1. In angstroms, what radius of gyration and Dmax does the stretch 112-249 have, counting Cα atoms only?
2. Step through the residues of the stretch 209-222 one at a time and calculate ³J(HN,Hα) from phi using the Karplus curve (6.51 cos²θ - 1.76 cosθ + 1.60, θ = phi - 60°), rounding each to whole Hz and writing x for Gly and Pro.
3. Pick from His136, His50, His97: which is most flexible by mean-square fluctuation in a GNM of the chain where alpha carbon atoms under 10 Å apart are linked?
4. Please compute the volume of the convex hull spanned by the alpha-carbon atoms of the chain and report it per residue in Å³.
5. Enumerate the calculated ³J(HN,Hα) couplings along the stretch 93-100 in order (Karplus 6.51 cos²θ - 1.76 cosθ + 1.60, θ = phi - 60°), each rounded to whole Hz, writing x wherever the residue is Gly or Pro.
6. Looking at the chain, which longest stretch skips every one of the GluC sites (Glu not before Pro) that is in a DSSP loop with at most 16 other Cβ atoms within 10 Å, leaving the sites themselves out?
7. With a 10 Å Cβ neighbour count serving as the proxy for reagent exposure, in which order, fewest first, do His229, His137, His82 appear?
8. Using the basic label-point model (7 angstrom from Cα toward the beta carbon), what is the Glu121 to Gln235 distance in nanometres?
Amino acid sequence: MTSTVPFVSNGAATNGNASKQLPTTISEAIRARLIESGVSFLANDNIAEHLQPGDLVQLEREVADKVRDLLRTLVIDIDNDHNTHETAERVARMYLHEVFKGRYHRQPKVASFPNVKQLDEIYTVGPITVRSACSHHLVPIMGNCWIGIKPGSRVIGLSKFTRVADWVFSRPHIQEEAVMILADEIEKLCEPQGLGIIVKAQHYCMKWRGVKEPQTSMVNSVVRGDFRHDPSLKQEFFELVRQQEALLSS
Ligand SMILES: [Zn+2]
């Protein structure tokens, strides 16, 4: 049942050092490219810029092969078990195109517009659903996120915050870093005068395994620009989020 990966070397790793081993799989070829470019490819980094057409098709096959090996190593009879027969293919698709798509796919297009009316009142968007996975166990992190903005020179549509958040969270993460990465992306997109983000999430590595605490959640926030320098603005942001939460439970 093991399929072979039709990898064709594109010569990415053939330059220079003759003793360097040629990549034999597409994941090795991509890794060689990333190392050559000097970019980081941690679990919560996006590597889409370094992928070439057709890479993801080959990578999906390679990941499926490895998941199949994992299932066999777990002594699951995938040849006779109708339930797990195609699990490897499903998991590969799910990782590359759904739950970790924020690593392999480019950021959704977000148009920004000049802030012609010079709006400078703060507003919040939320709750935005957080769907992520912890880098330590690859099990879900589920929760909500609120974004507060004091507009700067450019503005983006409300729904765009949801799209960018989904893209950022769809990677293996730890919550503290996820919030920082989301803040960086939003700052790049609309250069706000002030930015605040709050994430409240439940970690299935605590609910499902480990200490098995089903109600524990983690809350963290980041504040930048005017939200950081002006305590009253920061307070206003947290108050607006409290009101949005109250609306939900009323
Ligand atoms: Zn974990």
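Read-outs throughout are calculated quantities, based only on the coordinates presented, and are distinct from any laboratory measurement. Being a predicted model, the structure only gives us computed values, none of them experimental. Quick reminder, even Gly has a Cβ in these numbers, built from the backbone with ideal geometry, and neighbours come from all protein chains shown.
1. When restricted to Cα atoms, the stretch 112-249 yields Rg and Dmax of 15.4, 52 Å.
2. 9, x, 6, 6, 9, x, 9, 5, 10, 10, 10, 8, 8, 9
3. Highest fluctuation among the options: His136.
4. It is 176 Å³ per residue.
5. 4, 4, 5, 6, 10, 10, 5, 10
6. Values: sites that count: Glu86, Glu121.
In short, 122-250.
7. Placing the least packed residue first, the sequence is His82, His229, His137.
8. 2.0 nm
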